[in-house]
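*Asks:* Okay, handing you the structure first.
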């Protein structure tokens, strides 16, 4: 049933039936056409995931975690294992290029009891690729299969994979890769529509994702990723490429409402109003409080600073407030600034803006 493709002019009774089909990943049931939050290094931490969850993300992933770091018991890697019940379903993503390390990491992840375990074979950044991990594995499909088998054998969790369409334009191999990964026992596949050599340049080519979805051998859910930055594009790509759902990364940074807006548009064909200043500040507060609760006062406040500019994009004369937000050191002082912002911008009508997808090219939104 997961292979049913919904077209724009599907008859109404069939369209209504299709909308009731659940997507299954192992024992996880997701709604029809789920929206996934992509794993993003230094972004997809528990505070960020919390605000995405309440705004409609159906499945979320942790930041990617080095298998070598987990084995060494590195503090940063261990902290990325933190998940909370309100996030579920949630997956933990690992990466690496050594079979034994990936197998041991899978056992460590197993003990944390996420809902699934995801393998990153798509990260294009140099520091990952030079270690033979991430997108580097696209140059050695036999190694990719061995790594995946090692993980599948080492855990009782559903295993999924996120990857790209190929290493470069001359070696696009995602159709073969998808078949062989499915044969290892993975239970879903997310595909970013760029090659590793593209990094985040040019447009994501979803036609290769469609080829995977249309392959009669493929029966696992296929999720598309790359360049989804508006409800209109989500609907267009849903209908054109027939994927089971979409994964959103950069467009959610500073704008977690994108999940809710896409769902509303798919259901009604109309737009929700952009969030006003009260709604934006409410999410900022939630994000800040979660960050302090998770990391502690000083690191929680410091790590929140990278997010303010994204949340406040489009506000006129915001520089002074933004400067205060990134320099003050107590929650009380920050709360005072946020309240003054509400008073200043109450009634301001935000215009719908697309995300700066190039400027937000984070290192592991593969």
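Readers should treat all values here as calculations from the given coordinates under stated rules, not as data from a laboratory. Since we're looking at a predicted model, the values are computed, not measured. Methodologically, a virtual Cβ is constructed for each residue, glycine included, from the backbone with ideal geometry; neighbour enumeration extends over all protein chains shown.
*Asks:* Is it possible to state the helix-based mean residue ellipticity at 222 nm for the chain, with each DSSP H run of 4+ residues giving -39500 (n - 2.57), the sum divided by total residues, to the nearest 500 deg cm²/dmol? What is it? Write out the running numbers ahead of the final one.
*Replies:* Values: 15 runs with 155 residues, N = 366.
Mean residue ellipticity at 222 nm (helix-derived): -12500 deg cm²/dmol.
*Asks:* Give the share of C-alpha pairs in each 10 angstrom bin for the chain, from 0 to the last occupied bin, in whole percents, shortest bins first.
*Replies:* In whole percents, the pair-distance histogram is 5, 25, 33, 24, 11, 2.
*Asks:* Quick one: among 160, 330, 286, which has the greatest mean-square fluctuation in a GNM of the chain with alpha-carbon springs under 10 angstrom?
*Replies:* 330
*Asks:* Pick from 46, 114, 316: which residue has the top mean-square fluctuation in a GNM of the chain where Cα pairs under 10 Å get a spring?
*Replies:* Comparing 46, 114, 316 in the GNM, the peak value goes to 316.
*Asks:* A further question follows. Sort 164, 49, 217 so the one with the fewest other Cβ atoms within 10 Å of its own Cβ comes first.
*Replies:* Values: 164 28, 49 25, 217 10.
The fewest-first ordering by Cβ neighbours comes to 217, 49, 164.
*Asks:* Compute the long axis of helix 277-295 from its Cα atoms, compare it with the longest principal axis of the Cα atoms of the chain, and write down the angle in degrees, 0 to 90, nearest 10.
*Replies:* The angle comes out at about 70 degrees.
*Asks:* I'd like the per residue volume of the convex hull spanned by the Cα atoms of segment 221-317, given in cubic angstrom.
*Replies:* Hull volume over Cα atoms, normalised by residue count, gives 129 Å³.
*Asks:* What percent do you get for the relative contact order of the chain when only Cα pairs under 8 Å and 6+ apart count?
*Replies:* On the way: 680 pairs, mean separation 64.8, N = 366.
Worked out over the chain, it gives 18 percent.
*Asks:* In which sequence would 100, 41 go, from the one with the fewest C-beta neighbours within 10 Å to the one with the most?
*Replies:* Values: 100 12, 41 18.
The fewest-first ordering by Cβ neighbours comes to 100, 41.
*Asks:* Further, regarding this structure: I need to check one value: relative contact order of segment 109-224, counting alpha carbon pairs closer than 8 Å and at least 6 residues apart, in percent.
*Replies:* Working: 195 pairs, mean separation 29.0, N = 116.
Over segment 109-224, the number comes to 25 percent.
*Asks:* Kindly put 192, 219, 287, 310 in sequence by how many other C-beta atoms sit within 10 Å of each C-beta, fewest to most.
*Replies:* Working: 192 30, 219 11, 287 21, 310 17.
By the 10 Å Cβ count, ascending, the order reads 219, 310, 287, 192.
*Asks:* Angle between the Cα long axis of helix 231-241 and the longest principal axis of the chain, 0 to 90 degrees, nearest 10?
*Replies:* That helix lies at roughly 10 degrees to the long axis.
*Asks:* Sticking with this one: Where does helix 141-154 land angle-wise versus the long Cα axis of the chain, in degrees 0 to 90, nearest 10?
*Replies:* 80
*Asks:* A further question follows. I want the antiparallel fraction of DSSP beta bridges within the chain, as a percent rounded to 5.
*Replies:* Working: 4 of 34 bridges.
Here the share of antiparallel DSSP bridges comes out near 10 percent.
*Asks:* Relative contact order, percent, of segment 228-329 when contacts are C-alpha pairs under 8 Å separated by at least 6 residues? Walk me through the numbers on the way to the answer.
*Replies:* Values: 72 pairs, mean separation 23.7, N = 102.
Relative contact order, segment 228-329: 23 percent.
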